[in-house]
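The values are calculated or read from the model by the stated rules, or taken from the named source; none is laboratory data. In this text the structure is predicted, and so the values were computed from the model without any measurement. A quick note on method: Cβ atoms are made from the backbone with ideal geometry, for glycine too, and the neighbour counts reach across all protein chains shown.
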Amino acid sequence: MSATYHPKEELIQLGLAGPFHGGLTIPIGFSLNPRKYAAGLLRSAISGGTKVYGNTAVEKI
């Protein structure tokens with residue numbers, strides 16, 4: 001499998017401006033930063049009115 005490196009300037013041209021130093025694309029898809037993804041979901045849930053409780057044991061699903 002081959003990967004293509006994109007320097008910061010090229011990412012900006014691709015519409016991916018942000019605090020990135022570079023990136024890789026691979027033919028089978030892309031990856032996410034799991035911590036940033038989870039933080040974004042949390043922000044979205046809170047802004048939508050969801051009550052979020054931390055440090056709470058799950059007792060039942």
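Restricted to the range 33-61, and to residues that are aliphatic (A, V, I, L, M) and surrounded by 10 or more Cβ atoms within 10 Å (Cβ to Cβ), which residue is farthest from LEU14 (Cα to Cα)? The residue in question is ILE46. Take the residues of the range 1-19 that are in a loop (DSSP other than H, G, I, E, B) and either surrounded by 10 or more Cβ atoms within 10 Å (Cβ to Cβ) or out of contact with any helix residue (DSSP H, G or I) (no Cβ under 9 Å at 6 or more places or on another chain) (or both): which is modelled with the lowest pLDDT? Selected residue: MET1. Within the range 20-55, being within 9 Å of the chain's Cα centre (by Cα) and either of a type in the set (Asp, Glu) or part of a loop (DSSP other than H, G, I, E, B) (or both) holds for SER31, LEU32, ASN33. Among the residues that make up the range 36-44, is at least one of them modelled with pLDDT of 85 or more, aromatic (Phe, Trp, Tyr) and on the phi < 0 side of the Ramachandran plot? Yes: one or more hits.
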